[in-house]
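Coordinate-derived values only; no laboratory data. Note that the coordinates shown come from a computational prediction; the quantities given were computed from them, not determined experimentally. With ideal geometry, Cβ positions are generated from the backbone for all residues, glycine too; neighbour counts draw on all protein chains shown.
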Amino acid sequence: MIIGFKGSFRVGEIEETNSSFYEFPKHKDFKLYDFNVKGGDLIGLDNNTDAYITTGVKGVYKGFKEQYDFIKQTRKPHLVLEGATFRRGLTLGTPSYQYRVSEGCYTWNKGYFANKGVGPDRWNKIQQEQGIEIKPWRNKGSYILVCLQNPTDTSLNDIYTEEHYKNLVKYTEGDGIKWNYINYLHKVIREISTYTREDIKIRLHPRFLDKYGDISKEGAFFGSFNQGVKNKIIYSTNYEDYSETNGGSGFQKDLDGARVVVSYSSNALVEAVCEGIPTVALSETSHAYPVSFHSLDILGEENLSQLLDSYTDRQQWLNECAYTQWTVDEINSGEVHKRLLKWQ
């Protein structure tokens, strides 16, 4: 039996679609429970549980921490659902909607996806369904695009730590761990400026604009990005036509002018790689990490496409990424959890 708790398994409504972003698996092996039971009841429940399932992982700014803590201390397998790696054209509430599914964690470096060395079968299917064109690596572009993430997302867990706080230069007036991401971005932008004089374009996550403060002017969090940097700082205004699964035409506009895309671990890096744009993935958690550069000093190089062709295998990366995501129908069939948990 695989147990999910209401809370750490989110079934929230997306306003623009009136659909649940996450659907609890309908296979007979899964059961969804409330967590408001006594300790003894939880122990009894755990005795009959083979594994647990959550959406995402425990985060600094995420609720239901006691549920994640309980699951961790059981030391039992832990299935994790997250947004898909390839997301183009996916529609919530349909059997063909896809989730990233892993054991342990959803990140590239910590999750188990049973995807190493796989063939191109799933990739060929996803490519055809989503109409993804894999473009040759390119060197053109008029700016460095920095893609920001949801500041409270668990993908930034490694930044919101006391150790990270102690090692960061404090560029902001605000202080404390909650400012780590903004100070980290200041550090990144200043480092970019040491390797290139190209314009730097900053793209906020379109679904979480309200979490960055006042973005109606170059003030609040972002005005000071210009201080001590000779590069021209541009703030993207291309936030039209996005959805819960992708950045839409607005993001495409930003990609079209970028020579390199930089991010900590945003899924925007995956889309950039498919577009043939060299990327710098600053965290091993990124699913684009195997086909990205990992250090900003590479921005001083001109022929990045030749370097990428020499050390990356995009085809095998595509194959393995395709095995990180599964349709609702496939999850409900039992195929996915049996594969990840190695059940017969």
**Item:** Reach of residue 135 by Cα under 17 Å, taken over aspartates and glutamates that are not fewer than 8 positions away in the same chain
**Value:** 254, 256, 271, 275, 309, 313
**Prompt:** When we measure straight from the Cα of residue 31, which lysines land under 30 angstrom away, once same-chain ones fewer than 8 places off are left out?
**Reply:** 6, 58, 62, 65, 72, 76, 110, 116, 338, 342
**Request:** Place +1 on the Cβ of every Lys and Arg and -1 on the Cβ of every Asp and Glu in the stretch 143-312, take the dipole about the Cα centre, and give the residue among 171, 161, 146 whose Cα lies farthest towards its positive end.
**Result:** 171
**Request:** As a check on your grasp of the helix formula, calculate [θ] at 222 nm for the chain: sum -39500 (n - 2.57) over DSSP H runs of n ≥ 4, divide by the residue count, round to the nearest 500.
**Result:** -8000 deg cm²/dmol
**Set of the stretch 111-150 residues, backbone N closer than 18 Å to the point 7 Å along the Cα-Cβ line of residue 311** = 137-139
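With charges set only on the Cβ (+1 for Lys and Arg, -1 for Asp and Glu), what does the dipole of the stretch 120-268 come to about its Cα centre, in debye to the nearest 20?
Numbers: 20 positive and 20 negative charges, 117 e Å.
Magnitude of the dipole: close to 560 debye.
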**Candidate values [x] 31.1; [y] 20.4; [z] 21.3, label of the one derived for Kirkwood radius over Cα pairs in Å** = [z]
**Complete:** Of the residues 237, 106, 247, the Cα lying farthest along the dipole of the chain towards its positive end, which is defined by charges on the beta carbon of Lys, Arg, Asp and Glu, belongs to 106
**Asked** Picking from 299, 281, 311, whose Cα lies most toward the positive end of the charge dipole for the stretch 143-312 (charges on Cβ: Lys, Arg +1; Asp, Glu -1)?
**Response** 299
**Inter-label distance, nm, simple model (7 Å from Cα along the C-beta direction), residue 303/residue 130** = 3.2
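So if R0 is 22 Å, what FRET efficiency would residue 170 and residue 284 give, r being the distance between their Cβ atoms, rounded to the nearest 0.05? Mind showing how you got there, number by number?
Values: r = 25 Å, r/R0 = 1.15.
My answer for the efficiency is 0.30.
Counting only pairs 8 or more places apart or on different chains, how many lysine pairs in the stretch 143-312 have C-alpha atoms closer than 13 Å?
On the way: 166/178; 170/178; 170/187; 178/211; 201/232; 201/253.
So the count works out to 6.
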**Per-residue Cβ neighbour rank within 10 angstrom, fewest leading, 49, 55** = 49, 55
**Asked** Taking the Cα centre of each part, how many Å lie between the stretch 162-216 and the stretch 53-116?
**Response** 26
**Request:** Would you mind calculating the relative contact order of the chain from Cα pairs under 8 angstrom and at least 6 residues apart, reporting the percent as a whole number?
**Result:** 22
**Prompt:** Using Cα pairs under 8 angstrom and six or more residues apart, how large is the relative contact order of the stretch 143-312, in percent?
**Reply:** 23
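Just in the stretch 91-134: which GluC sites (Glu not before Pro) are loop by DSSP and have at most 16 other Cβ atoms within 10 Å?
Details: sites: 103, 129, 133; in loops: 133.
Passing both the DSSP loop test and the Cβ count: 133.
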**Message:** Once R0 is set to 30 Å, what does the formula 1/(1 + (r/R0)^6) return for the Cβ-Cβ distance between residue 210 and residue 72, expressed as a FRET efficiency to the nearest 0.05?
**Reply:** 0.45
**Asked** Under unit Cβ charges (Lys, Arg +1; Asp, Glu -1), what dipole magnitude, rounded to 20 debye, does the chain have relative to its Cα centre?
**Response** 420
